[in-house]
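Here the structure is laid out as structure tokens; the discussion comes afterwards.
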Amino acid sequence: RRHPVRKLVNRIASLAVAFDDFSQGPGQHFLELVRHLVDDIVGGDFDQMLVYEHTLDKLDAFVAEQAKRDVEERSDAGSVLDNKESELLLQQRYMQQLHAALAPVPMDDFLRQFLTQVWSQALMKASLKYGVDSDEVKRLRIGGRELVLSVQPKGSPADRKAFLVRLPQLMKDLNEGIFLIGWPPKAKKDFFAKLLPAHAASLKRESM
């Protein structure tokens, strides 16, 4: 049982049990390593006991490296989960603050829901991706304000002209924010189907 060849064979067998699949991934790498080590033994001084000791050392080094890689991958996965959880909590908190801030502002329910539940996600996503003080975030913040103003009554020619001038940039900003969070196409279509009539109605009412 103490013979180096016996120890090597036992070690290979015990390590092989840990792999479910030898056709890919770590199992495939292990199998390739064993083949390479066996070829070295057969093609070298296979009658020297020291060869088997060195081969055992190489196997143990492989196992140590594999264990290190597994720990790093799990740590990375944990960091991703922690970041996702923090991002979700921040988004929910911001959504609540935005809902409270918009409570006194007159607007349709579909628009209030979009700003608090959808646009808040776009702002949070842009803040995390580009930075809170970035031009992208500032543009999306202004876009949210412009969206609220776009549905307010515009009875005078000057108000209507100002609305038409700002409308292309507003639509561009809305589409950018929606794309950033990957909002479903159907939800996007339904939203704009309600926004366009709201814009049309605002042009017919007296200015506030």
(Q) All but one of (1) within 21 Å of residue 198 (Cα to Cα); (2) modelled with pLDDT under 90; (3) of a type outside the set (Phe, Trp, Tyr) hold for residue 165; state the number of the condition that does not hold. (A) (2)
Q: Select from region 130-140 the residues that are exposed (fewer than 15 other Cβ atoms within 10 Å of the Cβ) and under 18 Å from residue 95 (Cα atoms) and write down the one among them that is farthest from the chain's Cα centre (by Cα).
A: 138
Q: Could you please find all residues in region 152-167 being over 32 Å from the mean Cα position of the chain (by Cα), among the hydrophobic types (A, V, I, L, M, F, W, C) and surrounded by fewer than 19 Cβ atoms within 10 Å (Cβ to Cβ)?
A: 158, 162, 164, 165
Q: Filter region 100-111 down to residues that are modelled with pLDDT of 85 or more and open to solvent by 40 Å² or more (accessible area, probe 1.4 Å), then give me how many there are.
A: 2
Q. Take the residues of region 20-57 that are of a type in the set (A, V, I, L, M, F, W, C) and open to solvent by 70 Å² or more (accessible area, probe 1.4 Å): which is modelled with the lowest pLDDT?
A. 46
Q. Which of the following residues is modelled with pLDDT under 80 and closer than 18 Å to residue 179 by Cα: 121, 66, 97, 91?
A. 91
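The values are calculated or read from the model by the stated rules, or taken from the named source; none is laboratory data. Bear in mind that the values here come from a model prediction, so they are computed numbers and not experimental data. Cβ coordinates were reconstructed from backbone atoms using ideal geometry, including for glycine residues, and neighbour counts include every protein chain displayed. Calculation scope for accessible area: heavy atoms of the full protein, side chains included, ligands and nucleic acids excluded. Shrake-Rupley method; radii C 1.70, N 1.55, O 1.52, S 1.80 Å.
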